[in-house]
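First comes the structure, then the notes that go with it.
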Amino acid sequence: MNPLKAFLEELEKNNKILISLNKSTIFCLDNEAFRFLCAYKSKMNFSKKDIEEFSESWRRSAEETKRLINQVLTVDPHNVIESIQLNEARETILTLTKPLADIAELIETNVKIQNDRKKEIEQTKAELSQLSKNLQIPQIYLEVAELGYPMTVCTSENCSTVQKISNTDQMQIIYKTVCHNHCYLEGIKLETFPQPQLLNCWAMNKETEVCRICGCVWSLHTHINFTQVKKTKMVEDENIKIKINNNEDAHLIKEQMIAECEEKIEKYKKEQAIIIETCTRFGSFLKANAILPYNDAFDAYVQQCIKEEERCVAQGASQDKLVALKRLLSEYRQEKEVLERSMKSSGVKVSVEEIKSLQQKLFSLEFTGAQIKQLFEANQEGHRKNDGYFEMHVNPAKYFHSKQKSSWRFGSMLPKMLTGLGTRSKSANAQE
């Protein structure tokens, strides 16, 4: 009871949710009598004393059940539709969180490339022959590949590698170590990073909390449903190409090329600002509608991006993107704090309808909207496939009778019960 009291005290302190522990909220139900009836019907033998004790257990459980039903009848009906809508909005947010962190990081990569391109053009002579060498514009995108099944991979330095992105001086981290293929683990919390449920993954040693495959601690692992790798797409500037072919003024063409770089940088930054603002509103919604303490996954994912970029810098990458990611995280935290203060003072909350509107706004972004939608749908599909399978972790000891007063074990009569159920099922099918 003490752990429950401590949890409820934290709930009241952090979430302003008061749940009292008293006679009207505590209902003590026991399944011993039901287990007894199952065993009795399976021709198990019991003493008179055992039967009396199980009868008393049944009586008390019946009284508690009636009291529970009477208590439920006094409570105002719950709006089920509202709960469904809240849950759908929550699932949308959690499914979008990592994609948004990935896209925010991708934007920094493309901004760095555009800045480098701008500097290169500025240093290029205003001659058509020289400017024509800069017609190809590199764009970085995420190539998504569905796995068809979930897997557990290690993100540690020893189990991943730093790889250069083609046609750029940018680098990325590739997870090369798969610790558990086809990992159909239930209960993976998308809103947390690292994911504590991975302690139950087949690959983890439960005693040492270290992976049996790679030897790294569990917290350095992650659960994925698809792979994503940064790729470079070279896009030719058709407008500038036409001007060069028409022998237009080289100085004006150079100025236009520089202006186009600046325009793209500005658009990327505006889209990133929209992502940051959206994530703060998502976080506010989750916090306002969460019973359990809210975990800021976007913050955690960006921190992971920063750690990976630090590794890239150690391998020779520029500091610019690392500095930009740290600035991104700082801006997000500041905006989140301002929003929370504003909503607390005004009493206004983010609605379910606003969540839907924000989602569509993200999908319609000029540069990154299509990628956000692609990652969102890949996440959805991965979760759908994972829902079709599951791993069950069973502690056999809990299925044995807990009291010393009886010598029988529930596990010993389970085969008989299953046989009986199978016989009844065949009989029913024959009648149909």
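List of remarks:
- In the chain, the DSSP beta bridges split such that about 95 percent are antiparallel, to the nearest 5.
- Using every pair of distinct Cα positions in the chain, the Kirkwood expression returns a hydrodynamic radius of 26.8 angstrom.
- For the stretch 40-181: Kirkwood Rh in Å [reciprocal of mean 1/r, alpha carbons]: 23.3 Å
- On Cα atoms only, tilt of 352-363 relative to the major axis of the chain in degrees: 40 degrees
- Residue order, fewest to most beta carbons within 10 Å, for His180, His251: His251, His180
- Counting only Cβ charges, +1 for Lys and Arg and -1 for Asp and Glu, the dipole size of the chain around its Cα centre is about 2000 debye.
- Anchor Lys41: aspartates and glutamates whose Cα lies under 17 Å away (excluding residues fewer than 8 positions away in-chain): Glu32, Asp50, Glu52
- Residue-wise HN-Hα coupling along the stretch 84-98, computed from phi with Karplus coefficients 6.51, -1.76, 1.60 (Hz; x: Gly, Pro): 4, 5, 4, 5, 5, 5, 4, 5, 4, 4, 5, 6, 8, 4, 5
- The stretch 270-377: mean projected area of Cα convex hull, nm²: 8.1 nm²
- Cut-off 14 Å between beta-carbons: net charge of the residues surrounding Val229, Lys and Arg +1, Asp and Glu -1: 0
- Between 0 and 90°, nearest 10: helix 297-314 axis offset from the chain longest Cα axis: 50 degrees
- The stretch 2-77 - convex hull of the alpha-carbon atoms, volume per residue in Å³: 142 Å³
- Taking all C-alpha pairs of the stretch 325-379, those more than 19 Å from each other amount to 53 percent.
- Karplus-derived HN-Hα couplings along the stretch 161-177 (A = 6.51, B = -1.76, C = 1.60, θ = phi - 60°), whole Hz, x at Gly and Pro: 9, 8, 10, 6, 7, 4, 6, 9, 9, 7, 10, 8, 9, 10, 7, 9, 9
- Dimensions (Å) - the stretch 115-257, Cα atoms, principal axes, largest first: 72, 26, 22
- Residues Asp102, Asp237, Asp76, Asp249, sorted so that the one with the fewest Cβ neighbours within 10 Å comes first: Asp76, Asp249, Asp237, Asp102
- Fewest-first sequence of Trp218, Trp58 by Cβ atoms within 10 Å of each Cβ: Trp58, Trp218
Any read-out appearing in this document is the output of simple, stated calculations on the displayed coordinates, not a laboratory observation. Just so we're clear, the structure is a prediction, and the values are computed from it rather than from any experiment. Because the Cβ atoms are built from the backbone with ideal geometry, glycine has one as well, and the counts that use them run over all protein chains shown.
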